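The values are calculated or read from the model by the stated rules, or taken from the named source; none is laboratory data. Everything quoted here is computed from the prediction, not taken from an experiment. Cβ coordinates were reconstructed from backbone atoms using ideal geometry, including for glycine residues, and neighbour counts include every protein chain displayed.
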Amino acid sequence: MLDLEQNGDDWIDWARHCPSPNQDARPEDCIIDLLVIHNISLPPGEFGGPWIDALFSNQLPAAAHPFFAEIATLQVSSHLLIRRDGELVQYVPLQRRAWHAGVSCFDGRERCNDFSIGIELEGTDQTPYSDPQYTSLARASREIMQHYPAITPERIAGHADIAPERKSDPGPAFDWSRYRRMLDQ
Ligand SMILES: [Zn+2]
């Protein structure tokens, strides 16, 4: 369940908490009414390392991999990450604005970071996501939708849907119909 007692900013109690500095306040009176599904893997296509935590903490070592040199200075985050084994990691309180979507537009409205919650799945566009990932994603999504009822099933989108010219995640490997069925269970 969402834990409102910790500080009122909404941390999920079954997540590992790894606070990111890459966050700020949402616009005043903002209604959170969009959930965005992403994928990430660092290095690309490799799973299980410490690098996603490091990236979202601005501590990615640029020298450790050629790709890291390209992205080490980015200031990015997501509210949540679901690892391959289903572990849920939370970087940003849900009430705060995480920096996950970039230039984006949903239903005619730009700057989706303002009004969305971002969930990263550890994976790639082409690698089937794991069963524990679907289980954790569905559980987290259900809890978020209970707490933020403006997030209806129609207001769950992929990063590719809100930034189609720049982004392709979560990619064809993500089984939307399976996920949407699990939301009802
Ligand atoms: Zn993305």
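Listed values, structure above:
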item: Candidates Pro43, Pro27, Pro19 - the one that is touching a His at 6+ places or on another chain (Cβ under 6 Å), more than 16 Å from the ligand (Cβ to nearest atom) and either modelled with pLDDT of 95 or more or not in a loop (DSSP other than H, G, I, E, B) (or both); result: Pro43
item: Any hit, the stretch 56-65, residues being in contact with a strand residue (DSSP E or B) (Cβ under 6 Å, 6 or more places away or on another chain) and more than 13 Å from the ligand (Cβ to nearest atom); result: no
item: Filtered residue count, the stretch 109-126, keeping only those that are among the charged types (D, E, K, R) and in a helix (DSSP H, G or I); result: 1
item: Test for Asp131: is it surrounded by fewer than 19 Cβ atoms within 10 Å (Cβ to Cβ), more than 19 Å from Asp169 (Cα to Cα) and of a type outside the set (A, V, I, L, M); result: no
item: Residues satisfying the stated conditions in the stretch 69-125, i.e. touching a residue at least 12 places away in the same chain (Cβ under 8 Å) and of a type in the set (S, T, N, Q); result: Gln75, Ser77, Ser78, Gln90, Gln95, Ser104, Asn113, Ser116, Thr124
item: Any pair with Cβ under 8 angstrom, 6 or more apart, that starts in the stretch 167-185 at a residue that is closer than 19 Å to Thr152 by Cα and without any contact (Cβ under 8 Å) to a residue 40 or more places away in the chain and ends at one that is away from the ligand (no atom under 16 Å from the Cβ) and in a helix (DSSP H, G or I); result: Arg180/Pro153
item: Unmet requirement for His38, which otherwise passes all of (1) in contact with a Ser or Thr (Cβ under 6 Å, 6 or more places away or on another chain); (2) within 17 Å of Thr124 (Cβ to Cβ); result: (1)
item: In the stretch 123-141, the residues that are out of contact with any Asp or Glu (no Cβ under 9 Å at 6 or more places or on another chain) and of a type outside the set (A, V, I, L, M); result: Gln126, Thr127, Asp131, Thr135, Arg139, Ser141
item: Hits in the stretch 55-106 - residues which are assigned to a strand (DSSP E or B) and surrounded by fewer than 18 Cβ atoms within 10 Å (Cβ to Cβ); result: Cys105
item: Candidate set: the stretch 142-166, residues that are closer than 24 Å to Pro44 by Cα and touching a residue at least 60 places away in the same chain (Cβ under 8 Å); chosen: the one surrounded by the most Cβ atoms within 10 Å (Cβ to Cβ); result: His159
item: Subset of the stretch 93-126 that is in contact with a His (Cβ under 8 Å, 6 or more places away or on another chain) and of a type in the set (A, V, I, L, M, F, W, C) - its residue that is nearest to the ligand (Cβ to nearest atom); result: Ala101
